[in-house]
Structure formats: structure tokens, C-alpha cells
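The values are calculated or read from the model by the stated rules, or taken from the named source; none is laboratory data. The structure displayed is predicted, hence computed values, not measured ones. All Cβ positions, even for glycine, are placed from backbone atoms using ideal geometry, and neighbour counts span all protein chains on display. Note: areas computed on protein heavy atoms with side chains; ligands, DNA, RNA excluded. Shrake-Rupley method; radii C 1.70, N 1.55, O 1.52, S 1.80 Å.
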Amino acid sequence: MTARRAAPEPVEVTRQRRDQALATLVAGVPYITFLGVRFERRGDELTAIMPYASSLIGNPAPAALHGGATAAFLEMTAIISLGWAMLWPRIEGGGQAPGAAPALPKTIDFTIDYLRAGLPRDAYARARVTRVGRRYASVQSEAWQDNRDRPIAQAAGHFLMPPGDG
Amino acid sequence: MADDTDTRADGATAKDFFGTVPHATALGLTFGTIEGGTAVMSMPWAERLVGDPATGVVHGGAVSALMDTCCGAAVMSHPQMGGPTATLGLRIDYMRPATPGQTIRAEATCHHVTRTVAFVRAVAMDDDSARPVATATGTFTVSAA
């Protein structure tokens with residue numbers, strides 16, 4: 001008798017583990033809640049969503065999103081995406097999702113280009129981790145609203161990796 | 001960023017304007033002197049601004065929002081500015097975490113204005129003003145006369 005290969009993991013188990021890990025990463029951060037930002041996941045790809053709220057307005061007439069809210073949105077998208085990229089191999093390598101929120105990278109510098117006025121409606125963002133080293137990481141992020149090809153802002157930053165997590 | 005036709009070089013009016021900005025109110029910003037191309041404003045520590053619940057340190061994004069507002073105010077108050085302005089670019093360097101519980105105070109100076117671009121630098125401090133929490137440099141649009 002030869003040993004049979006283990007059956008593939010049921011998709012519900014996979015999905016639950018990944019969603020749980022993402023929720024643990026995001027849930028601990030009050031400022032993410034304050035801005036109303038949430039993260040959607042497809043496989044390992046994250047999209048951040050900042051639903052429109054009147055408290056995000058920086059210019060009353062004509063109404064426009066506050067540049068600081070856009071900056072913060074891009075920065076949290078970069079940090080969470082980087083934290084998620086660190087977490088992914090741990091949860092998919094047969095390990096368990098960590099029970100407590102893992103330490104997040106710290107921003108060293110962050111540069112924002114404002115491309116268009118943010119309109120009073122939902123905004124979306126994605127980040128691309130372009131380099132992860134033992135100590136430093138580089139991340140780009142981009143935010144858009146109605147039209148994916150017309151970003152409202154783009155950003156690039158350097159981040160300090162949490163110790164002992166490389 | 002905002003129509004400032006009647007706020008130019010007028011600290012009281014600039015303060016009135018920023019007092020009506022919903023996101024500035026949501027962040028809990030308080031406004032000091034805003035005149036002659038310089039602006040001072042503060043962001044008291046609050047639980048909702050925290051980025052790291054383990055330490056209570058304010059999220060970098062909240063510091064960015066403070067810096068953006070302060071830089072914009074400095075630009076608007078510059079004597080050479082006549083029309084509305086918007087942020088073109090903003091770079092923030094984070095030197096150290098702000099001490100939890102302490103107010104973060106930002107000071108911005110609009111140090112140069114051309115026909116098309118206004119240049120600003122800013123510094124953010126907590127109670128230990130000798131060691132800045134963050135610095136920023138920004139560029140803002142100047143509307144055509």
C-alpha cells in the first residue's frame with residue numbers, strides 16, 4: 001500500500017485562514033478605523049477602500065478630499081500591503097495565522113504626488129512592494145476613484161522592517 | 001487647496017477658514033499664528049489617531065495630514081499668493097515616533113514663491129522640541145493671476 005497524497009485543503013479553510021490573518025493585521029490600528037478604510041483581498045492581492053465621508057473633506061467648495069486624508073490613505077495602504085507581504089509566506093507555508101497582530105513596518109520617509117483633486121466619493125488604492133530587505137523596504141502606492149487609469153495620487157516610501165522578522 | 005482670496009496675509013481669516021475644514025476638525029487640529037508665509041498648528045494626542053496600539057504612537061498618516069494642512073496654510077498666508085492653491089508634492093521624513101499622549105506641533109514656512117510654484121518646509125515636534133518628530137518639504141500650485 002502506498003501512502004496517498006493528502007487531499008487538497010478545502011477552499012473554505014484556505015479562505016478563512018487568509019481572511020483571518022488580514023483581519024488580524026488591520027484590526028489593531030485605530031487610525032485605519034478613524035478614516036473608515038477597509039481592505040479587500042483577492043488571492044494575495046489587496047485593494048484598500050476609503051468610502052467617502054464628509055469628515056474627509058479638506059476644501060468645502062468645490063468639495064475636495066483633504067490632501068492629508070489622501071496621504072494617510074496611501075501610507076496605510078503601503079504599510080498594510082508590506083505587512084501582508086511579510087505575513088503571506090508564514091500563513092501559506094503550512095504555519096498558522098498569528099493570533100496577535102504582527103509588528104508592522106515603520107515609515108522612514110514618504111513622498112506623495114498629487115495628480116488630481118480628490119472628488120467627494122469613494123477612493124481605492126493598491127501598493128506594490130518593490131523591494132524587501134532585512135532592514136529596509138521600498139513600497140509604491142497609487143490611489144484612484146472612478147477611473148483606474150486616472151489616479152488621484154501616487155506615492156513612494158521607505159520603511160523600516162520590524163526586528164527579527166526578516 | 002482652497003480659495004484664499006480673502007485670507008491673504010490675514011492670520012485671523014486664515015484661522016477662520018481652517019476652522020471650517022471638516023477633516024481638520026476630525027483630526028482635532030488647533031491653529032496658532034498663520035501669517036506672512038508661516039503657519040503654526042497643533043494636533044493633540046487622541047486614541048483615534050493611533051497607528052500602533054501596542055505603544056499608542058500616532059499613525060504616520062495623521063502626521064502627514066497635519067503637515068499637509070500646515071504647509072497649505074503657510075502658502076495661503078504668503079503675501080505673494082493671491083488665488084487658490086493645491087498641493088503638488090509633499091515629502092515627509094519621520095525621525096522618531098511621537099511620544100504617546102503628547103501634542104504634536106507643526107511649524108511651516110513658505111520660503112519661496114514663483115509665478116507657478118510655492119515652496120514650503122515644515123517641522124513637527126512633540127514636547128521635546130530639540131528632537132523633531134518629522135520634517136516635510138512641499139510644493140504647491142500658484143494660480144495664474
*Only residues that are under 12 Å from B:Leu66 (Cβ atoms) and without any contact (Cβ under 8 Å) to a residue 24 or more places away in the chain: list them for the range B:100-145, please.*
B:Val123, B:Met125
*Confirm whether B:Asp68 is within 12 Å of another protein chain (Cβ to nearest Cβ), of a type in the set (Asp, Glu), surrounded by 20 or more Cβ atoms within 10 Å (Cβ to Cβ) and out of contact with any Lys or Arg (no Cβ under 7 Å at 6 or more places or on another chain).*
yes
*Mind counting the residues in the range A:31-67 that are over 19 Å from B:Arg48 (Cβ atoms) and in contact with a helix residue (DSSP H, G or I) (Cβ under 8 Å, 6 or more places away or on another chain)?*
5
*Number of the exception - A:Gly118 against (1) buried (at least 16 other Cβ atoms within 10 Å of the Cβ); (2) free of Cβ contacts under 8 Å to residues at least 12 places away in the same chain*: (2)
*Which pairs have Cβ atoms under 7 Å, sit 6 or more apart or on different chains, and link a residue in the range B:74-96 that is away from chain A (no Cβ under 12 Å) and over 12 Å from A:Ile112 (Cβ atoms) to one that is part of a strand (DSSP E or B) and open to solvent by 40 Å² or more (accessible area, probe 1.4 Å)?*
B:Ala74/B:Thr38; B:Ala74/B:Thr109; B:Ser77/B:Glu35
*Working only within the range A:134-160, note down all residues that are more than 12 Å from every other protein chain (Cβ to nearest Cβ), closer than 15 Å to A:Trp84 by Cα and either open to solvent by 50 Å² or more (accessible area, probe 1.4 Å) or not β-branched (Val, Ile, Thr) (or both).*
A:Ala137, A:Ser138, A:Gln140
*Taking the range B:48-65 as the search range and keeping residues that are surrounded by fewer than 24 Cβ atoms within 10 Å (Cβ to Cβ) and over 17 Å from B:Thr25 (Cα atoms), which one is nearest to the other protein chains (Cβ to nearest Cβ)?*
B:Pro53
*With respect to A:Phe39, is the statement that it is surrounded by 15 or more Cβ atoms within 10 Å (Cβ to Cβ) and either more than 22 Å from B:Ile92 (Cβ to Cβ) or among the β-branched types (Val, Ile, Thr) (or both) true?*
yes
*asked:* When the residues of the range A:104-131 are narrowed to those that are at pLDDT 95 or above and among the aliphatic types (A, V, I, L, M), which ends up farthest from A:Val29 (Cα to Cα)?
replied: A:Leu115
_Looking at (1) farther than 25 Å from A:Gly118 by Cβ; (2) open to solvent by 10 Å² or more (accessible area, probe 1.4 Å), which one does A:Ile79 not meet, given that it meets all the others?_
(1)
